[in-house]
1. Nearest-5 percent of antiparallel DSSP beta bridges in the protein assembly as shown?
2. Run the dipole for the stretch B:97-319 about the Cα centre, Lys and Arg Cβ at +1, Asp and Glu Cβ at -1, nothing else charged, and hand back the magnitude in debye, nearest 20.
3. I want to make sure I understand the PRE zone here: with the label point 7 angstrom from the Cα of B:A54 toward its beta carbon, which residues in the stretch B:21-48 have backbone N atoms less than 13 Å away?
4. When the Karplus curve 6.51 cos²θ - 1.76 cosθ + 1.60 is applied with θ = phi - 60°, which whole-Hz ³J(HN,Hα) does each residue of the stretch B:91-100 get, with x for Gly and Pro?
5. Quick one: helix A:208-221 against the long Cα principal axis of chain A, what's the angle to the nearest 10°, folded into 0 to 90?
6. For the stretch B:70-216, count all C-alpha to C-alpha pairs, find those more than 26 Å apart, and express that count as a whole percent of the total.
7. To the nearest 10 degrees, how steeply does helix A:145-158 sit against the main Cα axis of chain A, on a 0 to 90 scale?
8. Return the calculated 222 nm mean residue ellipticity for chain A, to the nearest 500 deg cm²/dmol, obtained by summing -39500 (n - 2.57) across DSSP H runs with n ≥ 4 and dividing by the residue count.
Amino acid sequence: MSDPMTTLTTAQAARAEAARGTGPAPIAAGMDVEHLSAFYGRFQALDDITFPIHPGAVTAVIGPSGCGKSTFIRCLNRLHELTPGARVTGSVRLEGIEIYQPGIDPARVRQLIGMVFQKPNPFPTLSIYDNVLSGVRLHRPRLSRAEADEIVERSLRAAALWDEVKDKLKAPGTSLSGGQQQRLCIARALAVEPLVLLMDEPTSALDPIATYRIEELIWELKQRYTIVIVTHNMQQAARIADYVAFLLAGEERTGRLIEFDTAQRIFTNPKRKETEDYITGKIG
Amino acid sequence: MTTEPMPAVEAPSIDRRAWVERILTGRQRVDRVRQVRESAILGLLFLAALVSVATTIGIVYTLALETFHFFQHVSIVDFLTDTQWTPLFTEKHYGIWPLLTATIVVSTIAMLVALPLGLLAAIGLSEYASPRLAATVKPILEILAGVPTVVYGYFALLFVTPLLQRFIPQLEVFNALSAGLVMGIMILPLVASLSEDAMRAVPQSLREGAYALGATKLEVVWRVVVPSSLSGIVAAFILAVSRAVGETMIVAIAMGQVPRFTLNPLVAMETMTAYIVQVSLGDTPHGTIEYQTIFAVGTTLFVITMVLNLLSYRFLKRFREVYE
Ligand SMILES: Nc1ncnc2c1ncn2[C@@H]1O[C@H](COP(=O)(O)OP(=O)(O)O)[C@@H](O)[C@H]1O
Ligand SMILES: [Mg+2]
């Protein structure tokens, strides 16, 4: 993570921007999850999850359907609590700062920790251009035309979508193909300049080629962002992840962390029998 | 703003931590503006809710108070068992049944018209009509819903009754039959549009699932769409009944003001609502027992429609849960 090219000037520039409230260029930031439990009413969906999310790396969360992967990732940006009756205990820290402590604004948490969902969900009433800006406009209501153009181009380029849509930015976001829509959603998340990007099975609704393009994109993005991705596809996890967390739910359907390690060790030399059974397809 | 993407940078961690904290705690000026706005909106919403709750409490309080006075003079057993309603005569009886049966008779006739026609209209609009046809028919239905009820009342009295009298000579000038028929037409758009919404909410994938098994259009409609949207349709029906029970103008104009205990729709009767209109339009002095009767009747009506609305709400809720 320590970058030899780091210069004080770029860091200072980022901080100067931050001080102006215009947001910095994303700087990969780490997270720590400790003793995290999540509930839906009285049902406990997750129990005592603890593992670190390393900065500038891809962490994959794997496990059979219903083991609580989505619930877990939604706890990381405080989306879980929006479900009526849902509750979280334990600790999630971003850069050492507890995001569940009183006095933290959940809207700001979600600004710094972006999210992409399983089904592409561009806003149907907005053009491609306005979809990209939809999040930015929440935080910066007075955006000049030039700034807006620049953010749209930069975000669409970062999401590897620019060349395909640059001639039809005014077309509705929903007119794109599924894979393009998903990259539009990634661009929309990146435009807000988050530190961490959460992705919940971002390719499960896409065909193999679109999937491949998104995976390629994730490779590029991890240069600058910390990425947490939920996937039920072992090959995908093996291709893109640096770290892997394996969750499993028992009889009572409560998800627990079975093993957390580097992707290499999980896929070549797992310590736990359950992990091995799962990655070799014996369970799930 | 720099144009090219920033390179990976690790700022001195203490600064970055401070920066993240500053953003997360939401204490910048934009945050404060936003927080003030959010709490202002919340206050406004709360106020709006308060107004309607306060109004409801006020209504219930007035109703309950006068009804309580009423039942100090009249036993509740008489009210619920006597079959005569003559509070305005010298020989006074306070049995709710004549008013209740009149309400039931006219509502039943109305529902016999509104339910089948409304359901058919909904099926036609949601499953069969081309988008263009639906776009012409729906506004027409909405016009039907927008006609003032007083117009429907005179329509029943001056057009439908004379028409029916050609076929049924013994039909009285004021009668439940034509009031019920016209009320049915009035309620039809409500049933049609609520049921149509319920049917449209059935996911296309369910229809396709049935088609893929070899079902015809009619089979898909009757075996998949209608059953899948049943609780929504039932909710629409119950709401329509509650509307019929509470309808006032049509019955006051076309059904007469004779509190008779009968199920014969060909003669004049008086519904609960019509009785309330009759007494409130007269010069019954405040505080008398005659005056209090309208609150007793009003409470009865209120309880009935409230139960119906609660039922409908339960069904709608169940229905919503299925497809979310
Ligand atoms: N809104 C909800 N209300 C109640 N239980 C839920 C809700 N969402 C998910 N669950 C339950 O929580 C568990 C974990 O679900 P989820 O996180 O979606 O699993 P995964 O994404 O791994 O398939 C499951 O048992 C599921 O039934
Ligand atoms: Mg999931």
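FYI, it's all coordinate maths here, none of it is from the lab. All values reported here derive from a predicted model rather than from experimental measurement. Cβ atoms come from the backbone with ideal geometry, glycine included; neighbour counts cover every protein chain shown.
1. On the way: 26 of 44 bridges.
Approximately 60 percent, going by the DSSP bridge assignments.
2. Working: 12 positive and 11 negative charges, 126 e Å.
For the stretch B:97-319, the charge dipole is close to 600 debye.
3. What the label zone holds, given the 13 Å backbone N cut-off, is B:46-48.
4. Using θ = phi - 60°, the values come out as 7, 8, 10, 10, x, 6, 4, x, 5, 5 Hz.
5. Compared with the principal axis, the helix lies near 80 degrees.
6. For the stretch B:70-216, the fraction of Cα-Cα distances above 26 Å is 50 percent.
7. Value to nearest ten degrees: 40.
8. Helices in chain A give a 222 nm mean residue ellipticity of -11000 deg cm²/dmol.
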